[in-house]
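The values are calculated or read from the model by the stated rules, or taken from the named source; none is laboratory data. Computed from a prediction, not measured in an experiment: that's the story for all the values here. Quick reminder, even Gly has a Cβ in these numbers, built from the backbone with ideal geometry, and neighbours come from all protein chains shown.
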Amino acid sequence: MAAARLGIMGGTFDPIHYGHLVTAEAARVEFRLDVVVFVPSGIPPHKKPYDVSPAEDRYLMTVLATATNPYFKVSRIEMEREGPSYTVDTIREFASRLGPGIQLFFITGADATLEIVTWKDSDELLRQCSFIAATRPGYQREKIEEEVTRIKDRCPNGIYILEVPALAISSTDIRRRVREGKPIKYLVPESVESYIFKAGLYKVSNSAQALACET
Ligand code: ATP
Ligand code: MG
């Protein structure tokens, strides 16, 4: 039997948006993945805790956003692990739980893919998975190809560029829009939009939140 092909999409998902969802679905179809697992980070290593919404809120939004796609799943693996969320620990855990009959595809935006070499235990990480780097059609294609070629030798299972349309959406922009009272309709699924307003996320600026944390 052919090895099962598992896509892994890590992120802060604060909040999850259509850029993430379109990318995951395009990767699933293009690379014939059996499942794509979204992995909301617990404590992101590069962000201060008060910058990020509670993991439970980010997890619930990810569950809501993926509920209509039978091939999408959400994992609590990073939320339940103590300390900062390092991708290599997550991949190690997936690999050991699932055994050798599985091929792992790590899906990221192209900018994030090129940073992987700076992540914890990057050599091990690069050995464990295939990589899918999502980019906008035509966007800095040459530069991305050049950089991918540079790290290719360290990725025995392959590193691939995937062109995905409509990628200008970012969580940072969505948080700013909510703070400024601007609409986020059609940038996130309606269920996520409702959750953001119900839970009162992103209403105060990060600096005000930080101040509140300190007092
Ligand atoms: P933030 O603006 O807070 O950094 P983000 O929109 O980049 O948020 P993350 O949760 O940081 O979202 O990203 C998770 C993964 O999704 C990363 O690999 C990132 O490169 C990728 N990604 C983010 N936005 C998009 C998008 N519009 N299209 C495709 N991939 C994306
Ligand atoms: Mg980001």
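Would a scan of the stretch 33-41 turn up a residue that is of a type outside the set (Val, Ile, Thr), within 12 Å of ligand 1 (Cβ to nearest atom) and over 11 Å from the mean Cα position of the chain (by Cα)? Scanning the stretch 33-41, I find no residue that is of a type outside the set (Val, Ile, Thr), within 12 Å of ligand 1 (Cβ to nearest atom) and over 11 Å from the mean Cα position of the chain (by Cα), so the answer is no.
In the set GLU82, GLU78, only one residue is part of a loop (DSSP other than H, G, I, E, B), within 13 Å of ligand 1 (Cβ to nearest atom) and not hydrophobic (A, V, I, L, M, F, W, C); that residue is GLU78. Checked against (1) assigned to a loop (DSSP other than H, G, I, E, B); (2) touching a Pro at 6+ places or on another chain (Cβ under 8 Å); (3) among the aliphatic types (A, V, I, L, M), MET61 passes all but a single condition, namely (1). Of all the residues in the stretch 19-42, those that are touching a helix residue (DSSP H, G or I) at 6+ places or on another chain (Cβ under 9 Å) and within 19 Å of GLU163 (Cα to Cα) number 6. The set of residues in the stretch 128-138 being closer than 30 Å to VAL188 by Cα and either away from ligand 2 (no atom under 16 Å from the Cβ) or touching a helix residue (DSSP H, G or I) at 6+ places or on another chain (Cβ under 7 Å) (or both) consists of CYS129, SER130, PHE131, ILE132, ALA133, ALA134, THR135, PRO137, GLY138. Looking only at the stretch 23-70, residues that are among the aromatic types (Phe, Trp, Tyr) and modelled with pLDDT under 95 come to 1 in all. When the stretch 158-176 is filtered for residues that are of a type outside the set (Val, Ile, Thr) and either within 16 Å of ligand 2 (Cβ to nearest atom) or surrounded by 15 or more Cβ atoms within 10 Å (Cβ to Cβ) (or both), the ones remaining, listed by number, are TYR160, LEU162, GLU163, LEU167, ALA168, SER170, SER171, ASP173, ARG175, ARG176. Can you find a residue that is touching a residue at least 40 places away in the same chain (Cβ under 8 Å) and within 14 Å of ligand 1 (Cβ to nearest atom) anywhere in the stretch 96-104? Within the stretch 96-104 (the criterion being touching a residue at least 40 places away in the same chain (Cβ under 8 Å) and within 14 Å of ligand 1 (Cβ to nearest atom)), the answer is no, since none of the residues qualifies.
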